[in-house]
Amino acid sequence: MGEFRSGFVSLIGRPNVGKSTLLNRLVGEKIAIISSKPQTTRNNVLGILTEDDIQIVFTDTPGIHVPATKLGEFMVKSAETAMHDVDAVLFLIEPVDRVGMTEEKIMEDLKKVDCPVILVINKIDRIKRDLLLSIIAKYTERYDFHAVVP
């Protein structure tokens with residue numbers, strides 16, 4: 001058996017990009033609520049993946065958006081706080097051929113973190129393959145991601 005490793009990873013992005021679905025798949029259990037309704041995740045949800053020589057604690061965060069209520073402000077602050085003091089951040093986006101204002105803001109906030117940031121392009125089954133390269137280019141021009149995972 002090799003050296004045991006552990007770490008903390010935050011999943012961030014706008015509402016309904018698939019953060020909770022990804023968390024459930026990564027840990028192999030349905031621990032986060034999945035709904036087509038925006039802002040189903042209102043607090044950070046922890047999921048733990050344990051294998052023989054690793055343990056990863058994933059934090060599923062509320063979607064980052066422009067808050068219109070005190071609850072919305074709390075949820076966004078919770079998500080933004082989860083970007084810090086972790087070993088890696090997974091930034092989930094949907095495959096649209098433009099970088100939205102929310103994603104621009106998230107990338108600005110990510111410049112303040114001190115860990116690898118991985119761009120995860122979710123729902124790629126909904127687009128044509130040639131569009132994927134354009135999306136990757138638009139995001140990597142704006143931020144130096146550690147990796148990009150479609």
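The values are calculated or read from the model by the stated rules, or taken from the named source; none is laboratory data. Keep in mind it's a predicted model, so treat the numbers as computed, not measured. Here Cβ is always computed from backbone atoms with ideal geometry, including for glycine, and neighbour counts include all displayed protein chains. The area values use the complete protein model at the heavy-atom level, side chains included, leaving out ligands, DNA and RNA. Shrake-Rupley method; radii C 1.70, N 1.55, O 1.52, S 1.80 Å.
Tell me which residues, restricted to region 19-59, are at pLDDT 85 or above, open to solvent by 70 Å² or more (accessible area, probe 1.4 Å) and either in contact with a Gly (Cβ under 8 Å, 6 or more places away or on another chain) or of a type in the set (Val, Ile, Thr) (or both).
Ile48, Thr50
Determine whether Arg142 is modelled with pLDDT of 90 or more, open to solvent by 20 Å² or more (accessible area, probe 1.4 Å) and not polar (S, T, N, Q).
So Arg142 fits the description; yes.
For residues that are β-branched (Val, Ile, Thr) and out of contact with any Phe, Trp or Tyr (no Cβ under 7 Å at 6 or more places or on another chain), scanning just region 60-92, find the one that is modelled with the lowest pLDDT.
Val76
Residue by residue through region 116-129, note down the ones that are out of contact with any helix residue (DSSP H, G or I) (no Cβ under 9 Å at 6 or more places or on another chain) and surrounded by 12 or more Cβ atoms within 10 Å (Cβ to Cβ).
Hits for region 116-129 are Pro116, Ile118, Lys123.
Can you give me the number of residues within region 84-115 that are outside any helix (DSSP H, G or I) and surrounded by 12 or more Cβ atoms within 10 Å (Cβ to Cβ)?
The total comes to 16.
Among residues belonging to region 1-15 that are open to solvent by less than 60 Å² (accessible area, probe 1.4 Å) and part of a loop (DSSP other than H, G, I, E, B), point out the one that is modelled with the lowest pLDDT.
The initial filter retains those residues of region 1-15 that are open to solvent by less than 60 Å² (accessible area, probe 1.4 Å), namely 2, 7, 9-13, 15.
From what's left, part of a loop (DSSP other than H, G, I, E, B): 2, 13, 15.
Values: Gly2: 72, Gly13: 91, Pro15: 86.
That would be Gly2.
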